[in-house]
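Scroll down for the structure; my scribbles are underneath it.
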Amino acid sequence: MSIENKTNKQTMKQIEKITGGKLTLGKLLLSIRECDEMAQVDFAEKLGCSKQHLCDIEHDRKSISPKLAANYAKILGYSQEQFVRLALQNIIDRDGIKLVVEIRPRPGCHQACSYA
């Protein structure tokens with residue numbers, strides 16, 4: 001396990017501890033917004049969505065596509081792997097499928113590779 005992956009897993013476990021439950025993309029976005037001390041309307045503008053849409057994502061009422069999750073990660077300067085993994089996990093959980101998503105870069109592709 002690389003140091004980066006170990007750090008990401010440690011960070012995610014800490015966020016789960018803070019949020020009091022399983023980490024979702026919505027909880028991650030809410031945590032980032034609150035840590036940056038941004039109003040919901042300002043954070044939504046930064047992501048290019050409406051305040052209501054962001055509210056629905058933060059409260060796990062709406063899922064987003066993996067492509068949009070990767071775009072949000074890029075905008076915010078975070079790991080696309082984690083955002084995409086959480087977006088896919090949200091979709092799988094919503095559909096009642098009892099699987100855990102694991103993501104890794106394609107061979108020869110780095111974090112900076114395009115997701116589109």
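Assorted remarks:
- Residue list for the stretch 22-45, restricted to those being surrounded by 15 or more Cβ atoms within 10 Å (Cβ to Cβ) and either among the polar types (S, T, N, Q) or more than 22 Å from residue 92 (Cβ to Cβ) (or both): 24, 31, 32, 33, 40, 43, 44
- The one condition in (1) assigned to a helix (DSSP H, G or I); (2) modelled with pLDDT under 95; (3) under 15 Å from the mean Cα position of the chain (by Cα) that residue 17 fails to fulfil: (3)
- Checking the stated criteria, residue 74 turns out not to satisfy the condition of being among the basic types (Lys, Arg), at pLDDT below 95 and more than 18 Å from residue 94 (Cβ to Cβ).
The values are calculated or read from the model by the stated rules, or taken from the named source; none is laboratory data. From a predicted model like this one, the values you see are computed outputs, not experimental measurements. Here Cβ is always computed from backbone atoms with ideal geometry, including for glycine, and neighbour counts include all displayed protein chains.
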